[in-house]
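The values are calculated or read from the model by the stated rules, or taken from the named source; none is laboratory data. Remember, it's a predicted structure, so these values are computed and weren't measured experimentally. For neighbour counting, all protein chains shown are included, and Cβ atoms are generated from backbone atoms with ideal geometry for every residue, glycine included. These accessible areas exclude ligands, DNA and RNA; they are computed on the full protein's heavy atoms, side chains included. Shrake-Rupley method; radii C 1.70, N 1.55, O 1.52, S 1.80 Å.
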Amino acid sequence: MEYRTIIEPFRIQSVAPLRMTDEGQRRAALERAGYNLFNLRSVDVMIDLLTDSGTGAMSRDQWAALQHGDESYAGSPSFELFRSAVQELFPFQHVLPTHQGRAAEKILFSVIGGPGKAIPSNTHFDTTRANIEYTGAEAVDLVIAEAHDPARLHPFKGNMDTAALDAFLAARQGSVPAVFVTITNNSGGGQPVSLDNLRQTRDVCRKHGVPLFLDACRFAENAWFIREREPGQQGRDVADIVREMASLADGMTMSAKKDPLGNIGGWLALNDDELAEQCRAMLILTEGFPTYGGLAGRDLEALAQGLKEVVDHDYLRYRIRSTAYLGEALLRAGIPVVQPIGGHAVYLDARALLPHVPPLQYPGQALAVALYEAGGIRGCEIGSVMFGRQPDGTEKPASLELVRLAVPRRTYTQSHVDYVIEVCEAVAARASALKGYRISSEPPRLRHFGARFEPLG
Ligand SMILES: *Cc1c(COP(=O)(O)O)cnc(C)c1O
């Protein structure tokens, strides 16, 4: 008998309070925050879907692992445990622990980037793009055309446009130090990349002699989609699929705040000895000694345990199914969301829901603010606020105007999600009355983190 309800494959052993707020309190909090949800105090948020990054619940075994942390400055056994857990899935020669994914990016791009260089990806994540551009290099997105249509169904909408990549590498010969593939494609809707597309991407990279790197933050979710959707992959062990993805690449950057089920951490892993040496020198300068990088020994232990748990099939089935549960309910309610539903998040299509708000009055921001005001739900604008500002200081609409509702791992129950669905329905019912925003102040880079807004009209 197959039952419909996907029960959480864990029991709750420790709880944190969730403070109830009313609309008046939330309106006041919004004013204080300059209508930027990043500026809210988290105690003023009821269901926090800002990000799935570092916000998941650790397991009993991860908390126990913390006690094994060895805080030796050099040669800690916690590092060896961490490195083996990483190499069990990603058998790269060199593993450099960093405090977050962006630190791995910063180190790698400060070595391989620079003016005149270009780094293509399916879609660069915001910190990846910013770290590339900071060195003077160009960050180029070459995702398949299907990805630009939020309603278009495609099993692997995160795939690289390999023909475009081939043409790009031919045109920019000698100025491309690496190609990136983001799995799953976060900024493109949490969409997976197929093994077949990774193979073709690897072949194109080989042809042009350019190394391939994975931005592998959600490797386990990507592997689960491959197992479910890619011909010939059904029934395969997820860890095995992950190893095959790794075997196609020359290195990776990683945020351990995503699939490794950590609250902090990251790493850079690669095969090239000389490049690894240069990166290690930077690591010592900015993060720490190579056997701890930016992390405490106890963090390394918790991550090693998390890497074992995340490839568990019961966990992944629940994870992917529960995100789809939210997305499918919104679709049934007639709310436009990016399809198919991604792995870690549901992306509301603010352009379709708020067609009366022009892109540079930030429809995604308007929708995100409305969800918070109506129900204390914090989502994240991924649109012209995040991507509209160009390196030369001008502004241009982003290709999509989305609000991401990211689902923290093992944190909220089905009744929390049912509440989110109700709030979204209420906001969608009065979407035509929502007004846009203008930016009253903004920092020069990654402006979405620090900008302040004023409501229009
Ligand atoms: C989160 C994320 C990063 C950056 O990692 P941090 O740990 O937040 O610095 C890079 N790429 C992708 C795809 C991400 O989701």
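Tabulated values for the structure
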item	result
Distance from the stretch 355-390 to the stretch 129-161 (C-alpha centre basis), Å	20
Charge dipole magnitude, Cβ of K and R +1, D and E -1 - the chain, Cα centre, debye nearest 20	760
Point-charge dipole on Cβ atoms (K/R +1, D/E -1) for the stretch 301-457, about Cα centre, debye to 20	180
Dipole of the chain, positive end: most advanced residue of T98, V181, Q13 [Cβ charges, Cα centre]	Q13
Dipole axis of the chain (+1 Lys, Arg; -1 Asp, Glu on Cβ), positive-most option in G113, T201, Q25	Q25
Calculated FRET value between E71 and S432, using beta carbons and R₀ = 51 Å, to 0.05	0.35
Accessible area of the stretch 90-206 belonging to carbon and sulfur atoms, whole % at 1.4 Å probe	50
Debye intensity ratio I(q)/I(0), log10, the stretch 272-372, q values 0.12 Å⁻¹ (C-alpha model)	-0.74
Kirkwood Rh, Cα atoms: Rg over Rh of the stretch 152-232	0.99
From the C-alpha gyration tensor of the stretch 1-107, square roots of 5λ in Å	35, 23, 15
Per residue accessible area in Å² of the stretch 325-457, where ligands, DNA and RNA are left out and the probe is 1.4 Å	38
Sequence-distant lysines (8 or more away, or on other chains) whose Cα lies within less than 22 Å of K257	K106, K308
Length released on extending from T411 to R321, taking residue separation times 0.36 nm less the Cα-Cα span	30.9 nm
Values of log10 I(q)/I(0), in the order q = 0.07, 0.11, 0.12, 0.14 Å⁻¹, for the chain under a Debye, Cα-only, solvent-free model	-0.33, -0.87, -1.05, -1.44
Rounded to whole Å, sorted largest first: equivalent-ellipsoid semi-axes of the stretch 40-177, Cα gyration tensor	33, 24, 17
Spin-label pair N39/E8, simplified geometry with 7 Å Cα→Cβ offset, distance in nm	3.3
D196/Q87 FRET efficiency (R0 35 Å; Cβ-Cβ; nearest 0.05)	0.90
Surface per residue (accessible, 1.4 Å probe) for the stretch 1-103, Å²	62
Distribution of pairwise C-alpha distances over the stretch 164-278, 10 Å bins, in %	13, 42, 35, 9, 0
Helix runs (DSSP H) in the chain reaching 24 Å along axis by Cα, Kyte-Doolittle at least -1.0	313-332
Cβ crowding within 10 Å averaged over residues, with 14-20, 180-186, 74-80, 344-350 ranked highest first	180-186, 344-350, 74-80, 14-20
Distance between modelled label sites at S175 and T394, nm, 7 Å Cα→Cβ extension	1.9
Hydrodynamic radius (Kirkwood) for the stretch 60-309, which is based on Cα pairs only, to one decimal in Å	18.1
Stokes-Einstein D (µm²/s) once Rh is taken as the Kirkwood radius of the stretch 389-457 over alpha-carbon pairs, at 20 °C in 1.002 mPa s	139
I132 accessible area, assembled protein chains, probe 1.4 Å, Å²	0
Within the stretch 60-309, percent of DSSP bridges classed antiparallel, to nearest 5	50
Along each principal axis, Cα extent of the stretch 329-412, largest first, Å	41, 27, 27
Separation of alpha-carbon centers, the stretch 1-38 and the stretch 233-262, rounded to whole Å	29
Reachable aspartates and glutamates, given that their alpha-carbon falls under 12 Å from the alpha-carbon of K435 and they are not under 8 places away in the same chain	E454
